[in-house]
1. Quickly estimate the mean residue ellipticity at 222 nm for the chain, helices only: each DSSP H run with n ≥ 4 gives -39500 (n - 2.57), and the total goes over all residues, rounded to 500.
2. Using all alpha carbons of segment 52-108, what is the percent of pairwise distances in each 10 Å bin, ordered from the shortest bin to the longest?
3. With every protein chain present, what accessible area does residue 114 have (1.4 Å probe, heavy atoms only), rounded to the nearest 10 Å²?
4. For segment 70-135, run through the GluC sites (Glu not before Pro) and keep only the ones in DSSP coil with at most 15 other Cβ atoms within 10 Å of their Cβ.
5. Per residue, what volume in Å³ does the Cα convex hull of segment 123-180 take up?
6. Provide the per residue accessible area, probe 1.4 Å, for the chain, rounded to a whole number of square angstrom.
7. Give me the percent of the accessible area of the chain that comes from carbon and sulfur atoms, probe 1.4 Å, all protein chains in place.
8. Quick one: Debye curve from the C-alpha atoms of segment 76-170, no solvent, what's log10 I(q)/I(0) at q = 0.10, 0.17, 0.24, 0.25 Å⁻¹?
Amino acid sequence: MSEQEKLAVLRGAIREFSDFPSPGICFRDIAPVLKDPAAFSATIDLFERFLRENFPKIDLIAGLDSRGFLFGPALAQRFGIGFVLIRKKGKLPGPTESVSYALEYGKAEIEIQTDAVDPGQKVVLIDDLLATGGTMAAACELLQRRNADILACLVLIELTSLKGAEKIKSYRVHSLLQYD
């Protein structure tokens with residue numbers, strides 16, 4: 001299957017729900033991608049192709065809580081490398097490092113275990129959605145503190161009108177699908 005065919009399979013699996021979770025919002029539901037083996041496989045294939053074409057050496061895939069956990073381990077397996085968790089504050093045991101960031105109506109915190117990434121390791125971040133960019137920017141900050149070499153930020157869907165990529169413009173952002 002060609003790259004364009006895989007993108008078509010992926011795009012066809014995304015469901016739209018108008019006015020969810022509030023009026024005026026068009027929610028892009030990835031649940032059907034997870035349910036459909038062809039769509040899920042196409043997603044991992046597309047991420048893998050991008051990474052193999054652009055980065056000869058990757059040490060780790062880091063997934064953002066929680067939907068980055070769905071795609072990251074499968075992608076890491078394709079490369080024979082490890083997968084690490086970036087979680088909401090208070091969910092990881094042992095020593096952790098955290099960073100707080102602003103949300104539309106408040107603050108949130110994410111964290112990583114201090115031994116998850118060694119200085120200089122080449123890391124790719126992955127999540128399902130890039131909207132305003134706050135969570136991804138916070139994850140980049142966590143990895144910077146660990147002295148990781150961040151290669152790219154991968155997302156299944158980018159909501160371009162929210163300009164989240166501008167918050168992480170010093171990193172390469174790759175989205176499989178873009179919507180306004």
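1. Details: 5 runs with 58 residues, N = 180.
Value at 222 nm, helices only: -10000 deg cm²/dmol.
2. Result, from short to long distances: 20, 41, 28, 11, 0 percent.
3. Approximately 40 Å² of residue 114 is accessible to the 1.4 Å probe.
4. Details: sites: 97, 104, 109, 111; in loops: 104.
The qualifying sites are 104.
5. Numbers: hull volume 3.4 nm³, N = 58.
Per residue, the Cα convex hull of segment 123-180 comes to 58 Å³.
6. Heavy-atom accessible area per residue stands at 51 Å².
7. Details: 4600 of 9240 Å².
With neighbouring chains kept in place, the figure for the chain is 50 percent.
8. -0.26, -0.77, -1.39, -1.46
The values are calculated or read from the model by the stated rules, or taken from the named source; none is laboratory data. The structure presented is a predicted model; accordingly, all values stated were derived computationally and were not measured. Cβ atoms come from the backbone with ideal geometry, glycine included; neighbour counts cover every protein chain shown. These accessible areas exclude ligands, DNA and RNA; they are computed on the full protein's heavy atoms, side chains included. Shrake-Rupley method; radii C 1.70, N 1.55, O 1.52, S 1.80 Å.
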